[in-house]
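Have a look at the structure below before the remarks.
The values are calculated or read from the model by the stated rules, or taken from the named source; none is laboratory data. Since the structure is predicted, the reported quantities are computational estimates derived from the model, not experimental observations. Counting neighbours? That spans all protein chains shown, and the Cβs are built from the backbone with ideal geometry, glycine included.
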Amino acid sequence: MQNVYICGEESFIMQEHYEISRIRIAETPEKFQRFLFNKIDWEQRLIGLKGSRGTGKTTLLLQWLKKVDVPGSQKLYLSLDDIFFANNTLLDSCSALYKKGLKLLVLDEVHKYPNWSTEIKLLYDRYSDLKILFAGSSIIDISTQEGDLSRRALMYELPGLNFREFLEFKYEIKLPVLNLNDIIQEDGNFTKLLPADFKPYQFLDEYLKNGYYPFFLEDETNYHQRLGQLVRLILEYDMAELKGFDIRQAKKMLQLLAIIAAQVPFKPNLSKLAKKTGLHRNTIANYLHFLKEARLIDLIHSARKSISTLQKPEKIYLDNSNLLYALNLGQVETGTIREVFVNNQLRESHKITIPQRGDFLVDDSITLEVGGKGKDSKQIEGVENAYLVKDGAELPFGNSLPLWMFGLFY
């Protein structure tokens, strides 16, 4: 990458970046913060944040910059997909800024800059009092980058809103963060923390259709159309950065995703998928992995430990229920919505596999069967430590757990 520094012009351009940064920080709302904000160890000197497009990574980092009490000349937000970096290196630009007093540096869209990991490592190693935070697509894997940031950076991943965050973000309804053990215990003490007049199913359908990506508030009418466009951006733009992905196959990847969306929960037959999409059978498994890394689908393996069950997933789900509505032009099955929701909300803190009986096996110990309010226990009869997850139930009772409470787990 060629440097084209002309002192006066460089100074003007970087001054413009500071002004853009100042405006972005000033305009960032502070009222609602994602759950991850209070989990990040902000004292670390090198912090990485990855996640799917639209989950709020940029807002989270700008909120932190806004909160930090240092002069504006010492903190800077830069997006590495800016045209400035087509002819100027990150390393030289930020080295010059450091000499002028830069202390806090937030780098966004790092996956769009070819040498991002190497140059961030060099900045980190050269300047011991420079704090660097970087954000990029969920597809980035710092362990495979040339800069070897894995030993230096503390990494986090930001999922979309869960049901609890959606309620606080849109309706200012605050609910406690629970875990699976909280709702399966018999004492039910956590119910005292719930608002007395709260009716969860008044809001759950809206969340399942429109509440996972925070940008729904910007344009609720066209949300699903915008979500479809976001999917195309991921496939045609972000995946170009993946090693082993041929961008010429983006259209076939979109076709593969459409097939999955129409049939989830999908039990994959790789040969049939290859025939339908025109992709080679040997590459289908790789492309399914790419879709999972992009947080468009999830691959759930069998609880059995045989070689064959480890080689291919037992079931394929879309990543979240909003994608079901954005990608499926037909009728969305209620049962599918429930299963996608439970898997999506559990996987942030639990291991999920497919048992021989029941829908999900959680942490190799808890079996869940998901259904409507009238669901009975026939499918899990005799299974140890098994529970029904019921749509419509408001509180736990016996071995029945309310569907909506799975949205409180982060």
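Summary of computed values
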quantity: Pair list, Cβ under 6 Å, 6 or more apart: the stretch 272-291 residue surrounded by 12 or more Cβ atoms within 10 Å (Cβ to Cβ), other residue at pLDDT 85 or above and not in a helix (DSSP H, G or I); calculated: LEU291/ILE297
quantity: Identity of the residue in the stretch 103-132, part of a loop (DSSP other than H, G, I, E, B) and under 30 Å from the mean Cα position of the chain (by Cα), that ends up surrounded by the most Cβ atoms within 10 Å (Cβ to Cβ); calculated: TYR113
quantity: Selection from the stretch 72-91 of residues that are at pLDDT 95 or above and either acidic (Asp, Glu) or closer than 15 Å to ILE20 by Cβ (or both); calculated: LYS75, LEU76, TYR77, LEU78, SER79, LEU80
quantity: Qualifying positions in the stretch 46-102 - assigned to a helix (DSSP H, G or I) and among the polar types (S, T, N, Q); calculated: THR58, THR59, GLN63, SER73, GLN74, SER93, SER95
quantity: Single match in ASP148, ASP108 (criterion: modelled with pLDDT of 95 or more and acidic (Asp, Glu)); calculated: ASP108
quantity: Qualifying residues in the stretch 193-221 (those that are surrounded by 12 or more Cβ atoms within 10 Å (Cβ to Cβ) and among the aliphatic types (A, V, I, L, M)) - the one farthest from MET405 (Cα to Cα); calculated: LEU217
quantity: Hey, LYS305 without any contact (Cβ under 8 Å) to a residue 24 or more places away in the chain and under 29 Å from ASN210 (Cα atoms) or not; calculated: no
quantity: Residue identified as assigned to a loop (DSSP other than H, G, I, E, B), charged (D, E, K, R) and assigned by TED's automatic domain parsing to the domain that holds ILE297 among LYS174, LYS192, LYS170; calculated: LYS174
quantity: In the stretch 372-404, the residues that are among the hydrophobic types (A, V, I, L, M, F, W, C) and surrounded by fewer than 16 Cβ atoms within 10 Å (Cβ to Cβ); calculated: LEU395, PHE397
quantity: Residue list for the stretch 200-231, restricted to those being basic (Lys, Arg) and within 22 Å of THR336 (Cβ to Cβ); calculated: LYS209
quantity: Filter result (among the small types (Gly, Ala, Ser) and part of a loop (DSSP other than H, G, I, E, B)) within the stretch 257-310; calculated: GLY278, ALA294, ALA303, SER306
quantity: Residue list for the stretch 70-88, restricted to those being polar (S, T, N, Q) and surrounded by fewer than 17 Cβ atoms within 10 Å (Cβ to Cβ); calculated: SER73, GLN74, ASN87
quantity: Candidates ASP359, ASP363, filtered to the one that is charged (D, E, K, R), within 24 Å of TYR201 (Cβ to Cβ) and free of Cβ contacts under 8 Å to residues at least 40 places away in the same chain; calculated: ASP359
quantity: Condition met for LYS67 (within 30 Å of LEU230 (Cα to Cα), surrounded by fewer than 16 Cβ atoms within 10 Å (Cβ to Cβ) and basic (Lys, Arg)); calculated: yes
quantity: Boolean, GLU43 is within 30 Å of GLU168 (Cα to Cα), loosely packed, with under 15 Cβ neighbours inside 10 Å and either among the charged types (D, E, K, R) or touching an Asp or Glu at 6+ places or on another chain (Cβ under 9 Å) (or both); calculated: yes
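A quick yes/no check of all residues on (1) buried (at least 18 other Cβ atoms within 10 Å of the Cβ); (2) under 13 Å from ASN286 (Cα atoms); (3) under 23 Å from the mean Cα position of the chain (by Cα):
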| residue | (1), (2), (3) |
| --- | --- |
| ASP238 | yes, no, yes |
| ILE259 | no, no, yes |
| GLN263 | no, no, yes |
| LYS267 | no, no, no |
| LEU270 | no, yes, no |
